[in-house]
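Input: a single structure, listed below in structure tokens.
Please treat every number below as a calculation from the coordinates, not as lab data. Because the structure is predicted, anything quoted here is derived from the model rather than measured. A quick note on method: Cβ atoms are made from the backbone with ideal geometry, for glycine too, and the neighbour counts reach across all protein chains shown.
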Amino acid sequence: MTQRALEISNYSEFDKQNIQLELFIRYASVLQIIFKEVESCINVACDFSYERIMIDAVIEIIRERITATFPITLTRYNKNNQYDIILTNQVKEYPLQKNARVFVMLSNEYDFDFPYVNEILKECYLEKIDLRMRS
């Protein structure tokens, strides 16, 4: 908006730069608060067909290998909760999930699934931010 307002005005280039800097200094903290408020978290459920202790170990392995630079929660799958993404090692239906994407991992021991998991997490996060900004 600042750029557009300065384009419309008849200020010299020097004045435009000074005004833009002044506006930025004054409103940077407000913008930071707004962006923090808009920031979303991706809720990821892990539904693996292992014993309870092994599931916790797999969640930690996944947490270490995810390269996302945005907030993510990784938890065990609970059918009563809603998730953005469900990571699993089995092809399975999740009828109570309204909008969750399901990603079937071939193996959590090797790295060939993680580039795809990271890409899906990024896409989901961007979609969630876009949806939040529109509403």
Those residues that are surrounded by 14 or more Cβ atoms within 10 Å (Cβ to Cβ) and in a loop (DSSP other than H, G, I, E, B), I need them from the range 69-78; list them, please. 70, 77
Sole exception among (1) assigned to a strand (DSSP E or B); (2) out of contact with any helix residue (DSSP H, G or I) (no Cβ under 9 Å at 6 or more places or on another chain); (3) of a type outside the set (A, V, I, L, M) for residue 90, by number: (1)
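Here is a yes/no grid of residues against (1) of a type outside the set (A, V, I, L, M); (2) out of contact with any Cys (no Cβ under 7 Å at 6 or more places or on another chain); (3) surrounded by 12 or more Cβ atoms within 10 Å (Cβ to Cβ):
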{"position": "80", "(1), (2), (3)": "yes, yes, no"}
{"position": "90", "(1), (2), (3)": "yes, yes, no"}
{"position": "102", "(1), (2), (3)": "no, yes, yes"}
{"position": "107", "(1), (2), (3)": "yes, yes, no"}
{"position": "113", "(1), (2), (3)": "yes, yes, yes"}
{"position": "123", "(1), (2), (3)": "yes, yes, yes"}
Scanning the range 50-68 for residues that are assigned to a helix (DSSP H, G or I) and over 18 Å from the mean Cα position of the chain (by Cα) gives 52, 53, 54, 55, 56, 57, 58, 60, 61
